[in-house]
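Student: Shown below is the structure under consideration.
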């Protein structure tokens, strides 16, 4: 940097040969005395050291020499004033650079240092160079540190000491030396100054580490070139890349002050490679828990095997990836892998397939497909030596030897290589699958993974898959799932937004559009709140499928405040190797409260709540359906509930703790309620009154208890004489068991309010 060049500043005072009238014997201010015609000053034209120069005799205590010219002083400008002096005769004086500081009004700026270091002349004929640096900046190396008040200087020198001596002075030089201060002015250090070559082959890691150690709060600059780092490198200073890095895949770059995709992308020359390197470092760097994608899009040409990238299989510290978009790019790496194999299944070892052919080719994380296999059963481990495959859930009807298909979907982020991963969070990430790949495969075990404000755009097969217990305590909050099958009729769709294999999952405030299913959920203790999932299509009288599917009997789950749109809740036990009731907890623990259920363009046979037992003997053991709104558009549906008897029905003689109340029904022919309050009128005197609950009994159940009988008005005999008698009840009568008998002990008639229940207290 040189302002004499860049800004056209005139810095140099005039040469002495231009006339001594241009040089002051005072301060250089207008009107001060010059050396023109002074007896102690003369021009010398042929000095052997200087050529032309000024010869000056010292006659004053401080003999001043100042240029009348105004040398500009500016912020950021560093001026070095230099004089070459030699003693000729007489007393030997001392010499120093001096300058008068002038402000905008032409006045001297008092209080500033206006003289430089003094140098004594000790012999005749010896050339001594004196200099001083002037600048508004108060920095080390500045001899005359001025302020912004000073805008120009009259530069020169002083002779001090004994009078009488004669000296010769070469032309005074003023030069811009700002470049000397650039190293201190700039807030960066260059790795090349520490030995980095940037030739793509030499190991520059030591130079990077040395630059980092010396930066002392400054930024590190990596200039143009390719810098090879052959070891793990951690940089604790801020860093900026103009060049790029080359590193072995098993080495990590950790940038503790620039832990973001922008910097890593610049470092490795592409966002994809930068993302991989930053993600790998995330599992080892302890000062940061969050990788910021800088709001940028990363194009993925292949699935990311996160465990392989990190080089570990177990990790339990909180880590977050946030604020960006992952975009699948079409190519052969996304092709779904199908492996067909014969295997044997036994209920005694209900999560293991034995005698499996072709085990080595069956990938962990593959979906298991075959007769008697429930939905969303995955491979969690293989043992080639033993010929076994471990699966995530039991099979409901697969005992024996048969052929299975193992289908491995490809996921943008695949965590299945982790045997344990907990507390991993994805926040504000768009998984732009665009029909090329799936979203996320969870680790095989771990807890409290979180998806917050993420978008899964058109996953080919799955949005979020859990192959094992890595979904324990998972949070999925405020996410959006957009199907790749928007225009496909509901019954033909194959994509599933997500599945759950473990317990205590929270699904809240999500929006799910036109998937085959929103969630296939094993496990218990789930909280499903304020989601909007709709699965309709453009068909007339279209078929509808389950939005939520619960795959075990006792779920201990709350479904509350959801918008269930053109789909239904299915509750079965397809993940049970002995699906018949055998003394275990039966269908219980489900609370469906305060939801909005709607349907349109469907058939009268549509139902919003479907129970599907996969074996006989099961019964209700705790179910609450309350405060919901059911409404159908364009058609009137028969009722809201049903038991799917494809495999078995329920034993309604054992129902207990069923509460169905406070619901509203619009365009629904048959309402349901439990208990059912019947106003029974007996017009003909009879000893036995048959009181029917009609179709109000939920799920077509039977009456197990008469909770209360309250006669309304007189009970009379055939002669209309008042009778003060009270009946006993016999519940579960009638062909379908939805009636109860009131037996009075004599023939009576009248009206009674009868509370009938399909259940009994536990």
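Student: FRET efficiency for residue 44 and residue 231, Cβ-Cβ distance as r, R0 = 60 Å, nearest 0.05? Walk me through the numbers before you get to the answer.
Tutor: Values: r = 65 Å, r/R0 = 1.09.
The calculated FRET efficiency here is 0.35.
Student: Hey, what's the per residue convex hull volume over the C-alpha atoms of the chain, in cubic angstrom?
Tutor: Convex hull volume per residue, Cα atoms: 250 Å³.
Student: Nearest 10 degrees, 0 to 90: what angle lies between the long axis of helix 205-215 and the longest principal axis of the chain (Cα atoms)?
Tutor: Tilt relative to the chain: about 70 degrees.
Student: Taking 2.2 N^0.38 Å as the expected size of a compact globular protein, what ratio does the Cα radius of gyration of the range 676-757 give against it, to two decimals? Walk me through the numbers on the way to the answer.
Tutor: Values: Rg = 12.4 Å, N = 82, 2.2 N^0.38 = 11.7 Å.
The range 676-757 yields a ratio of 1.05.
Student: Provide the gained length on full extension for the span residue 190 to residue 644, in nm with one decimal, where the gain is 0.36 nm per separating residue minus the Cα-Cα distance.
Tutor: Numbers: separation 454, 0.36 × 454 = 163.44 nm, distance 7.27 nm.
Roughly 156.2 nm would be gained on extension.
Student: Mind computing the radius of gyration and Dmax over the alpha-carbon atoms of the range 443-505? Å is fine for both.
Tutor: Reported Rg and Dmax, both Å: 12.7, 37.
Student: Measuring from centroid to centroid over Cα atoms, what is the spacing of the range 278-326 and the range 485-517 in Å?
Tutor: 26 Å
Student: Also, I was wondering about something else. Among 60-71, 442-453, how do they line up from the highest to the lowest mean number of other beta-carbon atoms within 10 Å?
Tutor: On the way: 60-71: 18.7, 442-453: 22.3.
Taking the mean over residues of other Cβ atoms within 10 Å, the ranking is 442-453, 60-71.
Student: Right, next: For a quick protection proxy, order the peptides 105-116, 257-268 by their average other-Cβ count within 10 Å, most packed first. Provide the component values of the computation, followed by the final result.
Tutor: Numbers: 105-116: 14.2, 257-268: 21.2.
Ranking, from highest mean packing down: 257-268, 105-116.
Student: Over the range 3-182, calculate the relative contact order: mean separation of alpha carbon pairs under 8 Å at least 6 apart, over the residue count, as a percent.
Tutor: Once normalised by length, the contact order is 31 percent.
Student: Subtract the Cα-Cα distance of residue 361 and residue 349 from 0.36 nm times their separation in residues, and report this length gain in nm to one decimal. Can you show the working numbers first?
Tutor: Values: separation 12, 0.36 × 12 = 4.32 nm, distance 2.23 nm.
This chain segment gains 2.1 nm when fully extended.
Student: Can you bin the range 256-337 into rounded, prolate or oblate? Criterion: square roots of the alpha carbon gyration tensor eigenvalues sorted a ≥ b ≥ c, rounded for a/c under 1.5, prolate for a/b above b/c, oblate for the rest. Display every interim value, and only then the final one.
Tutor: Working: a/c = 2.04, a/b = 1.27, b/c = 1.60.
Because a/c hits 1.5 or more and a/b fails to exceed b/c, the range 256-337 counts as oblate.
Student: State whether the range 337-408 is rounded, prolate or oblate according to the following rule on the C-alpha gyration tensor (a ≥ b ≥ c being the square roots of its eigenvalues): a/c under 1.5 gives rounded; otherwise a/b larger than b/c gives prolate, and the remaining case gives oblate.
Tutor: Details: a/c = 1.42, a/b = 1.16, b/c = 1.23.
Because its axes are fairly even, with a/c under 1.5, the range 337-408 counts as rounded.
Student: Going by average Cβ neighbours within 10 Å, how do the peptides 735-743, 271-279 rank, with the highest at the top?
Tutor: On the way: 735-743: 18.9, 271-279: 22.6.
For the peptides 735-743, 271-279, the packing ranking is 271-279, 735-743.
Student: Based only on other Cβ atoms within 10 Å, what is the fewest-to-most ordering of 601, 212, 193, 759?
Tutor: 193, 601, 212, 759
Student: Helix 271-282: angle to the longest alpha-carbon principal axis of the chain, degrees 0 to 90, nearest 10?
Tutor: Roughly 80 degrees, rounded to the nearest 10.
Student: Beyond 24 Å, what percent of the Cα pairs of the range 585-676 remain?
Tutor: Working: 950 of 4186 pairs.
Across the range 585-676, Cα pairs with separations above 24 Å total 23 percent.
Student: How many percent of the alpha carbon pairs in the range 3-182 exceed a separation of 20 Å?
Tutor: Working: 8078 of 16110 pairs.
Pairs farther apart than 20 Å: 50 percent.
Student: Let me ask something else. Take the alpha-carbon centre of the range 419-456, take the same for the range 714-754, and report the distance between them in whole Å.
Tutor: Spelled out, the Cα-based centre of one part sits 62 Å from the other.
Student: Separate question: So how long is each side of the range 72-164 along the principal axes, counting just the alpha-carbon atoms, biggest first, in Å?
Tutor: Sorted largest first, the three principal extents are 41, 25, 18 Å.
Student: Taking only Cα atoms of the range 483-666, what ratio of Rg to Rh do you get with Rh as the Kirkwood inverse-distance radius?
Tutor: Working: Rg = 15.5 Å, Rh = 16.5 Å.
Radius of gyration relative to Kirkwood radius: 0.94.
Student: Taking 41 Å as R0, compute the FRET efficiency from the Cβ-Cβ separation of residue 340 and residue 318 and round it to 0.05. Don't skip to the end; give the middle numbers.
Tutor: Numbers: r = 41 Å, r/R0 = 1.00.
Using R0 = 41 Å, I get an efficiency of 0.50.
Student: Stretched out fully, how many nm does the piece from residue 123 to residue 755 gain, at 0.36 nm a residue minus the Cα gap?
Tutor: Values: separation 632, 0.36 × 632 = 227.52 nm, distance 12.71 nm.
Difference between extended and current length: 214.8 nm.
Student: Compute the distance from the alpha-carbon center of the range 95-140 to that of the range 4-68, in whole Å.
Tutor: One Cα centre to the other: 15 Å.
Student: To continue, here is another question. So, how do all the Cα-to-Cα distances of the range 184-302 break down into 5 Å bins, in percent, from 0 on up?
Tutor: Calculated over all Cα pairs of the range 184-302, the distribution is 2, 12, 23, 26, 21, 11, 4, 1, 0, 0 percent.
Student: Fewest first, what order do 288, 124, 396 take by the number of other Cβ atoms within 10 Å?
Tutor: Numbers: 288 18, 124 14, 396 24.
In increasing order of surrounding Cβ atoms, one gets 124, 288, 396.
Student: Given a Förster distance of 25 angstrom, what is the FRET efficiency for residue 486 paired with residue 405, based on the Cβ-Cβ distance and rounded to 0.05?
Tutor: Details: r = 27 Å, r/R0 = 1.07.
Efficiency computed from Cβ-Cβ geometry: 0.40.
Student: Using only helices, what value at 222 nm comes out for the chain when you add -39,500 (n - 2.57) per DSSP H run of length 4 or more and divide by the total residues, to the nearest 500 deg cm²/dmol?
Tutor: Details: 6 runs with 48 residues, N = 762.
Result for the chain: -1500 deg cm²/dmol, rounded to the nearest 500.
Student: Still on this structure, I have one more. Using only the Cα atoms, what convex hull volume per residue in Å³ does the range 400-521 have? Provide the component values of the computation, followed by the final result.
Tutor: Values: hull volume 13.9 nm³, N = 122.
That works out to 114 Å³ per residue.
Read-outs: derived from the displayed coordinates by stated rules, not from any lab. Treat the numbers as computed from the prediction; the structure is a model and nothing was measured. Here the Cβ is made from the backbone with ideal geometry for all residues, glycine too, and neighbour counts use every protein chain on show.
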